[in-house]
1. I'd like to check one number: the per residue accessible area of the range 529-590, probe 1.4 Å, reported in Å² as a whole number.
2. Would you pull out the residues with amide H under 5 Å of Leu7's amide H, same chain only if 5 or more places away, H placed 1.01 Å from N?
3. Tell me which residues come under 5 Å, amide H to amide H, from Leu256 once H is placed; ignore anything under 5 positions away on its chain.
4. Over all alpha-carbon pairs in the range 85-164, figure out the percentage whose distance exceeds 14 Å.
5. So for His45, His599, what's the accessible-area order with a 1.4 Å probe, most first?
6. Given a 1.4 Å probe and every protein chain left where it sits, what share in percent of the accessible area of the range 490-619 is carbon and sulfur?
7. If you keep only loop residues by DSSP, which GluC sites (Glu not before Pro) in the range 146-201 have at most 13 other Cβ atoms within 10 Å of their Cβ?
8. To the nearest 10 Å², what's Glu726's accessible area with a 1.4 Å probe?
Amino acid sequence: MRFIADLHIHSHFSIATSKELRPEFLDYWARIKGIQVVGTGDFTHPGWIAELKEKLEPAGEGLFRVKKEFKKSGPFVTDDNVRFMLTAEISNVYKKAGKVRKVHNVVMAPSFEVAEKIQAKLSGLGFNITSDGRPILGLDSRDLLEICLEASEDIFFVPAHIWTPWFSALGSKSGFDSIQECYGDLAGNIFAVETGLSTDPAMNWLVSSLDQYTLLSNSDAHSPEKLGRNANILDTELSYPSIINAMKTGERDKFLGTIDFFPEEGKYHYDGHRKCNVCWNPLETLEHNEICPVCGKKVTEGVLNRVAQLADRDDIETRPNRHSFHSLIPLKELLSELEGVGPTSKKITKQYDTLIRKAGTEFNLLLNYDIDKVRQIAGNVLSEAIARMRNREVYIKEGFDGEFGVIKVFRDGEKPQEAAQEALFLNEPEQEYHKINSPRPLISFDIKKFQKLKKEKGFGTKSNTQPVTFDLFSAIPGITDNLNPEQKEAVNHYDGSALILAGPGTGKTKVLTTRIAKLILDHNVDPENILAVTFTNKAATEMTERLSGLLNDRTLSAKIKVATFHSFGLSVLEKWFEKTGRKENFIVIDEDDKKQILHRLGVKKPDIQKASEYISNIKQQSGQEENENLLNLAGKYESFLKDINAYDFDDLLKWPLIIMKEDNEVLNYYRNRIKWLLVDEYQDVNLLQYELIRILMPDTNSNLFVIGDPNQAIYGFRGADLQFIESFKTDYPDAKIYNLKKSYRCSDSILQASGNIIDNQGSFLEGLHQGVKIKIAENPTDKSEAEFIARTVEQMIGGVGFFSMDSSI
């Protein structure tokens, strides 16, 4: 029999999901939608398994149905044929091939016995499977597949939403370049993949490595009403073996195809920058070398770009075993466009209920009934909208950089009533559509041109750069010969603490790296006893390259530890992770992961940024006022990180400091190894970084060498505090203080003007030359500033420069 199946959903045990995700409500909404087989989701959770056992009963081989006493009745829902299949989604977060991987997998099981075997195995390995319906495991996807196969050879294992950037097998941020790479020697047990909401089958047909897999489509519903937004169409017996076999083989008379969202509606479909109003298809991005023309930064890459990167064919007609697919818009969204009100409004709900009473199910209207019958039930306007949707005659504004796309069936200014009347007499509406036909190539760009340009630019290819060979002799004579007197004085500082005050362009990095070279070459300091820290990977790389040049010995310079504060903290945790309750092969999450976790812990989207900042401030010891709810959230968040064997960015500073404070063995280990500590951009340290410096270099006799500009702090948002420059003299009363006065970047006039703006705090600097004359103009708004600049341009031709200053600064 022909039926629709949606096999990837969640339960109310999953974080940030509807409380109505229970068997009776899932059964109810499946009947409204017209779905006959629904996945249970979350069978790894013991509480959900217990609820399923209570409310379901066997209904055919490997399938179940809701018991009569739990069925939810409704005024227009009468069908009683909904079946359930035991399914679960599992999040795997782990390290592989030097990269953190975050892959979601869907598992389908033939019985409660098999589901409970998988539960028991995961629990026995120490994984927490009770805190979330979709557990997060520090387990390789390949190993999870092995565990499931050991439980039963009849399980069906599917890589979930394979293109999602952060959480999928082929995701651009944390995935692999092929299914085989992800699952290794067990990849032969993967027979199908899930396309997800962000792609449709035609996009996947461009990648020949996916030809061997059946392309499934499921809703990943977080509420019962979202069932069926993506789904599968099958023609088999209603049994677990028959359904699995159809998906496994992809036989065209059994697996008929899929129902899909228009993927362009996804908020990361195209590339671009939302703030800059730049929205590009992958070819346009490649033509611009991925750089936004407005802000000069790299654009945010979308899902379509990732597909294009792995695409190796331009003619989708050559893809074997192409199943048909239907691009549908949910009925409430169609009604919302026609009525001009929200899809959850009372007006739309009332219309929706009326239509379901007449049609029986939502899919009858959207997919099953011929258009004449739809017109009899729904009228001319809605039937015209559905006809256009079925023909993919729609207007599309692609989503990009976090902004959802828009799919409309009527163009702006077009009156649906008039369009519907015209459609009764015309074979095709007299208007120009942004049309997409099935099967279709990717919209709006030439994939063949993309592939050619990608090859020309070396896009996505591995570097074959050979290592550079250096002559191995001790040093270049006269490394201080090109320094000015102030720089030489700072470089010649040997032991004890020192503070170097240096403005922009005075050669701070040059002084720091030259001093390191001098310590090694002139004072025979062991390079392994030197640690130099800065704030960015770019700055650390630059320091390393300069040291290689100064020492002319890469082997020697490699012994020097040059790091960011956070990479140093990471190195501490890699050695002492057990002291924080973590395990080996822990992961470090980024800000996006942090926000995802907070959302899963129940934080509403408008509050996520505030909650994230609050937790960071707690970890940075920034003196937050106590808020019981937020403190409880911080505790839950910390427990969640421990459960998934992870640290966040702030932990890379917090935990090393805690370990050193609480364990003298660890502290003495680092004090014995780090005899010389050099800190660049000292004005940007925050409290945690300051305390790390202080615990490693506790007194004036410590060999601490810091360099900074008291007038330039850029990391205030991370808790940076200029007071640490001011308190340096108190912390290290016998420290030497050096001033670097000569700027090699700015003229005298610019330095004097900037010194006036900051109350003469920077007036000790000397410029390269006198420079042009400057006048300072204060403008209260961007508009007045622009007008001022326009009026002054002609004066500039005569040699007069200017600063314009926003009075709000």
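The values are calculated or read from the model by the stated rules, or taken from the named source; none is laboratory data. These numbers come from a predicted model, not from an experiment. No Cβ is skipped: glycine too gets one built from the backbone with ideal geometry, and neighbour counts run over all protein chains shown. To get the accessible areas, we keep the full protein, side chains included, count just its heavy atoms, and leave off ligands, DNA and RNA. Shrake-Rupley method; radii C 1.70, N 1.55, O 1.52, S 1.80 Å.
1. On the way: 2790 Å² over 62 residues.
Per-residue value: 45 Å².
2. Here the answer is Gly39, Ser219, since their amide H atoms fall under 5 Å of that of Leu7.
3. Result for Leu256 returns Ile233, Leu234, Asp235.
4. Cα-Cα pairs of the range 85-164 separated by over 14 Å account for 61 percent.
5. His599, His45
6. 46
7. Glu153
8. 130
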